[in-house]
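J.: To start, I am sharing the structure in question, which I have written as structure tokens.
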Amino acid sequence: MIKKLINKIKGVLYRMRIIKGIELQQKVDIPIDQSFYDNIAKWRCWYQGFYSEYHTIWYFVQGVKKQRNMMTMGMGKQVSQEMANMICNEKMEVSFDNEAVGNFVSPILEANGFIKNTQDNAEFMMALGGMAAEIYKSDGDIKVSYVPAESFIPLSWDVNKEIDQAIIVVEQKKVKDFNYTLIRWHEKQDTGYVVRNELYKASINDTSLGTPVDLAFLYPDLEEIVEFPKATRPFFAYCKPAVANNVDTNVPLGISIFANAIDTLKSIDRVFDSLEREFRIGGKRAIVPDAWIKGKTDVATGTVTKYFDTDDEIFQGMRQDENNQKYYDVSPELRVSEHISALDAYLKTLSTQTGFSAATFGFDVTGLKTATEVVSENSKTFRSKQSHENNIEVFVANVVESILLIADHFGINGYPTEEYEVTTTFDDSIINDKDARINQQIALTGSGLQSKKRAIMAAQDVDETTAEEILAEIEADEQRVTAEVVDMFGVE
């Protein structure tokens, strides 16, 4: 398992060297510093749950150097998954106000599994600081392919940090004793855009990008240069979490939602590891006379009779006076409550550092707990959710626009030319502050600012017809109660 993880990390580090390789081969300066991608590699390790520089522990036992891996709660994965699931789940929908555009684009999105892939990659975006989608034509169909954060390299951006040129590491593959890397340039021209494909070859032991080779060697059907003179935007869309980049304020890339909580993640894993070891090495211990463990030898037969299981770690032998042999219970006191309290405090800190309300994550005797099923409209979780949704909504609109530009360029049948507006709707069912909503409607009705029917509609989330039925039932109950009171007192 560890070897497999290390190989994955090596693959990430290999991609990191691509920047320097492109600069050397193309004689260009890429405006993103290599160190930023080192941060992405670190965030990926924390997302996967093992950062070797921290989780690998070296220690000495009687002068012998040993190694072990720290236990981890994997909270990098947990916070990324929790935030992504609140935003992009099965209730996410993309709709159009123009029927012709919807009929054309929706099947393309569905064929590419766009909603499902966006859900998966939204989690990666939260963890790694960004996600990108590339739009292109292949075998007559329009494709939408997601790109890992490490494989997306911006070349230029405007004053609002909207990226308009980029390099995408499309694929890396091994053929015999060589590594081949396909990269794609999306370059802005005076009129439109140009997409350029390049293939590089490096020895399997070479960690650099290598040298350019003929594209047709591995991709005979792929054109080296494709021009899009009418394109008004690039054929990629980039999205990042709604978190300001304080790692490098000069670049347009995003940061992980836990980028500023690494120290807290370390503390959580340190305490969690200590809790596990508290039970593993702090169990029951007893000191007994060593003779009890060694057993008694029958002089006549030479048979050794043992009264204790020698493999049982509970009993530790000690030489004692034969006339004063005793049993001593030296079991340490487990500090479980202290560990639980510490974990709970650190998890609450992590909640606020990653955009959640303070009590979202916690820890008690039952283990890790989350409270995202109840999110009020004025909570920090809900505000973070809305901010991330705004970014994803823009991302979806850019993907749709690029799809239509591709269709226009290649003259795909049925391409609509009408104006349109795309709307992305998200799941708001997690907003469950019902008491506050009911109290608000009671106050509005009592002050004469809201009718009873509309108050019922808002408080109980029902349509007008249902509200009228409920109101009629309430009025019938009131009339019946009034009639009973009148009859009780004999009023005519």
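The values are calculated or read from the model by the stated rules, or taken from the named source; none is laboratory data. Just so it is clear, the model here is predicted, and its values are computed rather than measured. Neighbour counts are summed over all protein chains in view; Cβ atoms, including those assigned to glycine, are modelled from backbone coordinates with ideal geometry. Note: areas computed on protein heavy atoms with side chains; ligands, DNA, RNA excluded. Shrake-Rupley method; radii C 1.70, N 1.55, O 1.52, S 1.80 Å.
J.: Exposed (fewer than 15 other Cβ atoms within 10 Å of the Cβ) and either outside any strand (DSSP E or B) or touching a helix residue (DSSP H, G or I) at 6+ places or on another chain (Cβ under 7 Å) (or both): which single residue out of Asn245, Asn250 fits that description?
T.: Testing whether each residue is exposed (fewer than 15 other Cβ atoms within 10 Å of the Cβ) and either outside any strand (DSSP E or B) or touching a helix residue (DSSP H, G or I) at 6+ places or on another chain (Cβ under 7 Å) (or both) leaves just Asn250.
J.: Follow-up. Taking the condition of being polar (S, T, N, Q) and farther than 20 Å from Ala216 by Cβ, how many residues in the range 152-189 meet it? Walk me through it before giving the result.
T.: In the first step, residues of the range 152-189 are kept if they are polar (S, T, N, Q); the result is 156, 160, 165, 172, 179, 181, 189.
With farther than 20 Å from Ala216 by Cβ added as a condition, the list becomes 156, 160, 165, 189.
Here the count works out to 4.
J.: When you check Gln25 against the structure, is it touching a Gly at 6+ places or on another chain (Cβ under 9 Å), at pLDDT below 95 and surrounded by 12 or more Cβ atoms within 10 Å (Cβ to Cβ), yes or no? Let's see the steps before the verdict.
T.: On the way: touching a Gly at 6+ places or on another chain (Cβ under 9 Å): yes; at pLDDT below 95: yes; surrounded by 12 or more Cβ atoms within 10 Å (Cβ to Cβ): yes.
So Gln25 fits the description; yes.
J.: Output the residues belonging to the range 64-78 that are in contact with a Phe, Trp or Tyr (Cβ under 6 Å, 6 or more places away or on another chain) and assigned to a helix (DSSP H, G or I).
T.: Gly76, Lys77
J.: Additional query: Identify, by number, the condition in (1) surrounded by 15 or more Cβ atoms within 10 Å (Cβ to Cβ); (2) in contact with a Lys or Arg (Cβ under 7 Å, 6 or more places away or on another chain); (3) farther than 19 Å from Phe152 by Cα that Phe258 doesn't meet.
T.: Unmet for Phe258, out of (1) surrounded by 15 or more Cβ atoms within 10 Å (Cβ to Cβ); (2) in contact with a Lys or Arg (Cβ under 7 Å, 6 or more places away or on another chain); (3) farther than 19 Å from Phe152 by Cα: (2).
Per-residue answers, yes or no, for (1) open to solvent by 50 Å² or more (accessible area, probe 1.4 Å); (2) under 23 Å from Phe382 (Cβ atoms); (3) at pLDDT 85 or above:
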residue	(1), (2), (3)
Pro332	yes, no, no
Arg335	yes, no, no
His339	no, no, no
Leu347	no, yes, yes
Leu350	no, yes, yes
Val365	yes, no, no
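J.: Let me ask another. Of the residues Ala84, Ala100, which single one is assigned to a helix (DSSP H, G or I), of a type in the set (Gly, Ala, Ser), at pLDDT 90 or above and exposed (fewer than 15 other Cβ atoms within 10 Å of the Cβ)?
T.: Working: Ala84 fails: exposed (fewer than 15 other Cβ atoms within 10 Å of the Cβ).
After applying the criteria, what remains is Ala100.
J.: Right, Arg15: under 25 Å from Ile257 (Cα atoms), at pLDDT below 90 and not polar (S, T, N, Q) or not?
T.: On the way: under 25 Å from Ile257 (Cα atoms): yes; at pLDDT below 90: yes; not polar (S, T, N, Q): yes.
It is true that Arg15 is under 25 Å from Ile257 (Cα atoms), at pLDDT below 90 and not polar (S, T, N, Q).
J.: Of the residues Lys326, Lys385, Lys369, only one is at negative phi and modelled with pLDDT of 90 or more; which?
T.: Lys385
J.: Right, here's the next one. Considering only residues that are hydrophobic (A, V, I, L, M, F, W, C) and over 20 Å from the mean Cα position of the chain (by Cα), which ones fall in the range 41-70?
T.: First, pick out the residues of the range 41-70 that are hydrophobic (A, V, I, L, M, F, W, C): 41, 43, 45-46, 50, 57-58, 60-61, 64, 70.
Across the range 41-70, the qualifying residues are Ile57, Trp58, Phe60, Val61, Val64, Met70.
J.: Same structure again: Would you pick out the residues in the range 181-235 that are assigned to a loop (DSSP other than H, G, I, E, B) and small (Gly, Ala, Ser)?
T.: Our first condition is that a residue be assigned to a loop (DSSP other than H, G, I, E, B); within the range 181-235, this holds for 189-192, 204-210, 214, 218-224, 229-235.
Scanning the range 181-235 gives Gly192, Ser208, Gly210, Ala231.
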